[in-house]
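Below: one structure, written as structure tokens.
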Amino acid sequence: MDIRQLQEEVIAYSKTIGIDKIGFASPSPFTEMKSRLLRQQELGYQSGFEEKDIEKRVRPDLIFDQPHSIIAIAVAYPSKMKVRVVSKKGQRRGIFCRASWGVDYHHVLRNKLKKLEEFILSKVPEARFKSMVDTGELVDRAVAERAGIGWSGKNCSILTPEFGSYVYLGEMITNLPFIPDAPMEDQCGSCTKCLDACPTGALVQGGQLDSQRCIAFLTQTKGFLPDEFRDKLGNRLYGCDSCQTACPVNKGKDFHFHPETEPDPEVAKPLLKPILHISNKDFKEKFGPVSGSWRGKKPIQRNAILALAHFKDDSAVPDLIKVMQEDPRPVIRGTAAWSLGKIGGEGAKTALENALVQEKDEDVLVEVKKGLDFFRESQPATR
């Protein structure tokens, strides 16, 4: 087997199936990443969504028998919508992050990796693979960095010269000894625009993220959003792009190579009020195909309620009152109560006063009182 020729054939084939960038890496342990992960764990900066066993995250030989190389791939996605919808008074809209605009990227990349596996098997029947996208043990970013896909930016994303950070990443461990590519030099320099743009200060320093403060993580939680983050959420329903849009490398980067990554504007930037009452069936039908739906409708509904408060959308007051009075979930009722207080108005105040008497759940009552406090704070001071 001529490994160099096979590698060239793999690269050429990858372009025919919509892989925008491909690289090859050694399967040796990711020792530097291990140190960083241990530090993250020590500081409590992990999200909790990661693989718990740090050794598996940095040692390919623990998850694959006799690995000889790793193939890394990147697929570019759009940063702008071809068809735009506008948020306006009475018809306010939320927003999903760009990585969740098209069909769930896990499916998109797994499909491409599967095709790559089949191509290699047609050339080398004894080849073995373990492919993964995002939810696998390995750290996608570390593999991509080693394989020369891009450099690891201060915003904790892989930055490629061609596509910026608007790329999905995947990798494939194999028993074939592909020739490693050289890693790319860091090109962030002294720039700190991503750190400055982070709404919550989650980017502690270049390359270090406190996931517990990251809006992208917070939008995926299911409980009450901590008070300090509610005003910072804006109209985000899932994810956050602030550190990407602030990055100079991403300026002017917008690629529409793949139909499956194109957003449906009514899904990527949906009207907020209909989300409050959406059924499980309708939620699955509308939002099920995108990656931002993976935690179900509860976080999206909670975030929609907070977004209405962000806009101070008084047209949503009747909807929020109905949610506060009738929704069976305390988190949703309580968040609606807080948002009613934030929006204000006599109708909201009366509903909150009634809820103070009728509501039985202690956590919801705390939110009702917070809502009423907004009215007291807005009262002019008396001498």
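Would it be correct to say that SER14 is at pLDDT 95 or above, of a type outside the set (Phe, Trp, Tyr), crowded, with 18+ Cβ neighbours inside 10 Å and assigned to a helix (DSSP H, G or I)?
Numbers: at pLDDT 95 or above: yes; of a type outside the set (Phe, Trp, Tyr): yes; crowded, with 18+ Cβ neighbours inside 10 Å: yes; assigned to a helix (DSSP H, G or I): yes.
Yes, satisfied.
Assess whether ASP282 counts as being of a type in the set (Asp, Glu) and in contact with a Gly (Cβ under 6 Å, 6 or more places away or on another chain).
Details: of a type in the set (Asp, Glu): yes; in contact with a Gly (Cβ under 6 Å, 6 or more places away or on another chain): no.
Criteria not met by ASP282.
May I ask you to list the residues in the stretch 303-341 that are surrounded by fewer than 18 Cβ atoms within 10 Å (Cβ to Cβ) and either among the basic types (Lys, Arg) or touching a residue at least 40 places away in the same chain (Cβ under 8 Å) (or both)?
Matches in the stretch 303-341: LYS312, SER315, LYS322, ARG329.
Filter the stretch 131-151 down to residues that are among the small types (Gly, Ala, Ser) and surrounded by fewer than 22 Cβ atoms within 10 Å (Cβ to Cβ) and give me whichever is nearest to GLU117 (Cα to Cα).
Of everything passing the filter in the stretch 131-151, SER131 is nearest to GLU117 (Cα to Cα).
Just checking, does the stretch 36-48 include any residue being closer than 21 Å to LEU109 by Cβ, out of contact with any Pro (no Cβ under 7 Å at 6 or more places or on another chain) and either at pLDDT 95 or above or surrounded by 14 or more Cβ atoms within 10 Å (Cβ to Cβ) (or both)?
The answer is yes, given that some residue of the stretch 36-48 is closer than 21 Å to LEU109 by Cβ, out of contact with any Pro (no Cβ under 7 Å at 6 or more places or on another chain) and either at pLDDT 95 or above or surrounded by 14 or more Cβ atoms within 10 Å (Cβ to Cβ) (or both).
How many residues are more than 18 Å from SER293 (Cβ to Cβ), small (Gly, Ala, Ser) and either crowded, with 18+ Cβ neighbours inside 10 Å or touching a Ser or Thr at 6+ places or on another chain (Cβ under 8 Å) (or both) if we restrict to the stretch 206-233?
Number satisfying all stated conditions: 3.
Does the stretch 262-273 contain at least one residue that is farther than 19 Å from ARG98 by Cβ and surrounded by fewer than 17 Cβ atoms within 10 Å (Cβ to Cβ)?
Scanning the stretch 262-273, I find at least one residue that is farther than 19 Å from ARG98 by Cβ and surrounded by fewer than 17 Cβ atoms within 10 Å (Cβ to Cβ), so the answer is yes.
Scanning for something of a type outside the set (Lys, Arg), part of a loop (DSSP other than H, G, I, E, B) and either closer than 30 Å to SER14 by Cα or touching a strand residue (DSSP E or B) at 6+ places or on another chain (Cβ under 6 Å) (or both), does the stretch 222-235 turn up at least one residue?
yes
Only one of (1) within 24 Å of PHE24 (Cβ to Cβ); (2) at pLDDT 95 or above; (3) touching a strand residue (DSSP E or B) at 6+ places or on another chain (Cβ under 9 Å); (4) not in a helix (DSSP H, G or I) fails for GLU145. Which number is that?
If we test GLU145 against (1) within 24 Å of PHE24 (Cβ to Cβ); (2) at pLDDT 95 or above; (3) touching a strand residue (DSSP E or B) at 6+ places or on another chain (Cβ under 9 Å); (4) not in a helix (DSSP H, G or I), just (4) comes out false.
Considering (1) within 28 Å of GLU285 (Cβ to Cβ); (2) buried (at least 21 other Cβ atoms within 10 Å of the Cβ); (3) of a type in the set (Gly, Ala, Ser), say which one SER87 fails and leave the rest.
It is condition (2) that SER87 fails.
Restricting the search to the stretch 162-184, which residues are in a loop (DSSP other than H, G, I, E, B), out of contact with any Phe, Trp or Tyr (no Cβ under 7 Å at 6 or more places or on another chain) and touching a residue at least 40 places away in the same chain (Cβ under 8 Å)?
Passing the criteria: GLU162, SER165, ASN175, LEU176, PRO177.
Taking MET1 as the residue in question, decide whether it is in contact (Cβ under 8 Å) with a residue 60 or more places away in the chain and either in contact with a Gly (Cβ under 8 Å, 6 or more places away or on another chain) or closer than 28 Å to ASP264 by Cα (or both). Before you say what the answer is, go through the steps one by one.
Numbers: in contact (Cβ under 8 Å) with a residue 60 or more places away in the chain: yes; either in contact with a Gly (Cβ under 8 Å, 6 or more places away or on another chain) or closer than 28 Å to ASP264 by Cα (or both): no.
So MET1 fails the test.
When the residues of the stretch 171-195 are filtered to those that are within 23 Å of the chain's Cα centre (by Cα) and within 16 Å of PRO27 (Cβ to Cβ), which remaining residue is surrounded by the most Cβ atoms within 10 Å (Cβ to Cβ)?
GLU171
Which count do you get for residues in the stretch 74-120 that are in a loop (DSSP other than H, G, I, E, B) and of a type outside the set (Gly, Ala, Ser)?
First, the residues of the stretch 74-120 that are in a loop (DSSP other than H, G, I, E, B): 77-87, 89-90, 92, 94, 97, 101-104.
Still in the list and also of a type outside the set (Gly, Ala, Ser): 77-78, 80-86, 89, 92, 97, 101, 103-104.
Of the residues in the stretch 74-120, 15 are in a loop (DSSP other than H, G, I, E, B) and of a type outside the set (Gly, Ala, Ser).
The values are calculated or read from the model by the stated rules, or taken from the named source; none is laboratory data. Predicted model only: the values in this text are computed from it and were never measured. Reconstructed Cβ throughout: ideal geometry from the backbone, glycine too, with neighbour counts over all protein chains shown.
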